[in-house]
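Take a look at the structure set out below.
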Amino acid sequence: MRVSTRAIVISALRYQEKSMIVKCFTQAAGLKSYFVQSASSSKNKKAAYFQPLTILEIEAVHKNKGTLEQFREIRLAVPYETIPSDMVKGAIAMFVSEVLHHAIREEESNPDLYHYLETALIWLDHHAETANFHLILMLEITKFLGFYPDVSQISAGYFEMTEGIFTNHPGVSCLSIDQTHLFKRLIGLRFSAAQKMFSGNERQMLLRILLDYYKMHLDGFREPRTLEVFREVFS
C-alpha cells in the first residue's frame with residue numbers, strides 16, 4: 001500500500017557499510033521502520049534527513065507484514081532553524097528521541113500523539129529558553145501512552161508511582177513529601193512557563209522520577225544511553 005504522510009525520525013541505525021534502518025513515528029500509520037539503501041554514500045544527500053526528531057514528508061510503500069518498509073519519496077516537512085546548530089537543543093533532541101524509541105511501540109495511527117510531538121518540536125526550534133522542555137514533554141506524552149497521573153486527589157501528600165495516584169498513605173512505591181511537592185509543580189506546566197522555576201538539582205530529581213515512572217509503566221523501557229551526557233548539559 002502506498003502511503004503519503006508526515007513522519008518524525010526516531011532513530012537511524014547504520015546497516016552494513018552504507019545503508020540504514022530508519023525508525024519513524026508516522027502520522028498515518030504509527031511506528032514504522034524503513035530500509036534505506038546507500039544512505040551514507042557520497043551521492044546520497046538525504047542522509048542528513050535522518051537526524052533525530054527530523055520532521056519529514058514521505059511517500060512510502062507499507063506492506064504491513066512486520067518487515068522493513070521502503071521510502072519512495074522523502075523531503076523535509078519542517079526545516080529546523082536552530083536545533084541542528086544549537087548544542088543544548090541537539091542534546092535535547094538526542095535524549096528525547098531515545099525516550100521515544102523505547103516508549104512508543106504502536107504500529108497503528110495515533111494522530112493526537114503525532115500532532116503533540118510535532119507541535120512540541122517546532123516550539124523547541126523557535127524558543128531559546130528550553131531547560132524544562134524534556135520534563136514537560138515526558139510527562140505530557142504519558143497522556144497518550146495511557147499512564148498520566150490521576151490528579152483527582154492531587155492535594156494528597158504522596159504520589160504513588162505504581163498506580164499513578166496521589167494518596168495520604170505513604171507506601172513503598174510512593175515519592176517522599178518533598179518529591180511529591182516537586183512533581184506537583186511539574187504537572188500542568190506548559191512550555192511557555194518560566195524556565196527558571198526549577199534549579200538544576202530539581203530538574204535532575206524530576207528526570208529521575210520520570211524515568212522511574214516510565215520503567216514502572218512500560219515493560220522493557222530502558223534508560224537512554226545519552227542520559228549521563230544529558231545530565232552534564234543541564235547540571
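The values are calculated or read from the model by the stated rules, or taken from the named source; none is laboratory data. Just so it is clear, the structure is predicted and the values come from calculations on it, not from any experiment. Here Cβ is always computed from backbone atoms with ideal geometry, including for glycine, and neighbour counts include all displayed protein chains. In case anyone asks, the SASA skips ligands and DNA or RNA and just uses the protein heavy atoms, side chains included. Shrake-Rupley method; radii C 1.70, N 1.55, O 1.52, S 1.80 Å.
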Legend entry - Among residues of region 187-196, those that are within 11 Å of ALA131 (Cα to Cα) and open to solvent by less than 60 Å² (accessible area, probe 1.4 Å), counted: 3
Legend entry - Condition broken by SER4, with the remaining ones in (1) surrounded by fewer than 16 Cβ atoms within 10 Å (Cβ to Cβ); (2) touching a Ser or Thr at 6+ places or on another chain (Cβ under 8 Å); (3) under 21 Å from ILE122 (Cβ atoms); (4) among the small types (Gly, Ala, Ser) satisfied: (2)
Legend entry - GLY171 being open to solvent by less than 30 Å² (accessible area, probe 1.4 Å) and farther than 27 Å from LEU31 by Cβ: no
Inset, instruction - Kindly indicate whether any position in region 54-73 is of a type in the set (Ser, Thr, Tyr) and closer than 25 Å to ALA131 by Cβ. - result: yes
Inset, instruction - Would you mention how many residues in region 139-163 are within 14 Å of the chain's Cα centre (by Cα) and open to solvent by 50 Å² or more (accessible area, probe 1.4 Å)? - result: 2
Inset, instruction - From ILE83, ILE136, ILE122, grab the single residue that is β-branched (Val, Ile, Thr), surrounded by 16 or more Cβ atoms within 10 Å (Cβ to Cβ), in contact (Cβ under 8 Å) with a residue 24 or more places away in the chain and over 16 Å from TYR213 (Cβ atoms). - result: ILE83
Legend entry - Lone qualifier among PHE166, PHE147 - being in contact with a His (Cβ under 7 Å, 6 or more places away or on another chain) and over 16 Å from THR26 (Cβ atoms): PHE147
Inset, instruction - Inspect all residues belonging to region 177-186 and state whether any of them is free of Cβ contacts under 8 Å to residues at least 24 places away in the same chain, in a loop (DSSP other than H, G, I, E, B) and either surrounded by fewer than 15 Cβ atoms within 10 Å (Cβ to Cβ) or not aliphatic (A, V, I, L, M) (or both). - result: no
